[in-house]
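Values quoted throughout were computed directly from the atomic coordinates according to the rules given, and no laboratory measurement underlies them. Predicted model only: the values in this text are computed from it and were never measured. As a convention, Cβ positions derive from the backbone with ideal geometry for all residues, glycine included, and neighbour counts pool all protein chains shown.
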Amino acid sequence: MSKFFLFLSVCRLSFLGALEHELESFAREKYSSKGKEEYRQYTEETSLPVKEFYKANHTRQTVDFVQKQREIYSSLSHAKMGVWEAMQLLDTIVDESDPDLNLTQTVHAFQTAEAIRRDGHPRWFILVGLIHDLGKLLTSFKEPQWAVVGDTFPVGCRFSNRVVFPEYFQENPDFHNPDYQTECGIYTSHCGFDALLMSWGHDEYLYQVIKDYLPEEASYVIRYHSFYAAHREGAYTHLMNDYDQKMLPWLQLFSQYDLYSKVNESLDVDELKPFYEELVKEYFPHSIDW
Ligand SMILES: [Fe+2]
Ligand SMILES: [Fe+2]
């Protein structure tokens, strides 16, 4: 290796080291006494409701189900309301799949957005922090939690072992369909995530709602923020294309805020509201289709 490349590698390693260190202190000092390794613990010790949730989710998310849900919701004919109205609806929802948060979704929305804002990121990224989970209002359309929250994964191809609780896939009817259980299944190699049928939930639904209003990076983060097997565990690279590779860093950065800003302490929402009202107005009309 030439001295120049060696120098570059050292710079890169120290940059990554510094970033890692920054994220570690982000997790430990700024927002919580909890270390990064204590979040997202999906083991034998995980609480029964979270395990039951994933059992239902992994058993019932099939190609047929996803296609049906996409058809039902892509019409965006379920409600007309503004983003603030949607935020209020969200306040009644507690995410049953989340072992790290017992606060309301509104608190989580503001905590995520504020953490992003404090670090000086672009305005669209702060807005993503605020609205990224608004799709969870699917529960107010009587959708069960297993069809709204939790990590997402593609259906129609082999389920990865890097999805949480992969053992529960054995009871999914698609697990026994050989067409859906090859590495690429119904897709082609490096087709890109946008060509996949992702398990149905709040990511895909909100993407459909906001895609005409936000920059493409924002839409991408919203659409795949629960795809932890890909952005955290490095699975499904055989289905990624160049566009996904380009967008992945945004997804990974967002995930740090989504996860590590979860602390059991509330914010003064009234005080924050004027800034966020302005921000929402910058991108969205008074009312949008849901
Ligand atoms: Fe989410
Ligand atoms: Fe979230």
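Overview of values
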{"item": "Listed residue pairs exceeding 28 Å between alpha carbons, taken from Lys55/Lys281; Lys80/Lys273; Lys142/Lys211; Lys55/Lys262; Lys68/Lys262; Lys55/Lys80", "result": "Lys55/Lys281; Lys68/Lys262; Lys55/Lys80"}
{"item": "Segments 249-259, 178-188 sorted - mean Cβ within 10 Å per residue, highest first", "result": "249-259, 178-188"}
{"item": "Spatial extent of the range 182-267: Rg and Dmax, with the Cα atoms as the point set, Å", "result": "13.9, 47"}
{"item": "Relative frequency of Cα-Cα separations exceeding 27 Å in the range 48-289, percent", "result": "32"}
{"item": "Extent along principal axes [Cα atoms of the range 89-131; Å; largest to smallest]", "result": "31, 21, 13"}
{"item": "For Leu197, residues with placed amide H under 5 Å, excluding near neighbours", "result": "Val155"}
{"item": "Positive minus negative residues near Cys157 (Lys, Arg vs Asp, Glu; Cβ under 14 Å)", "result": "-1"}
{"item": "Gained length - Leu76 relative to Phe141, 0.36 nm times residue gap less alpha-carbon distance", "result": "22.2 nm"}
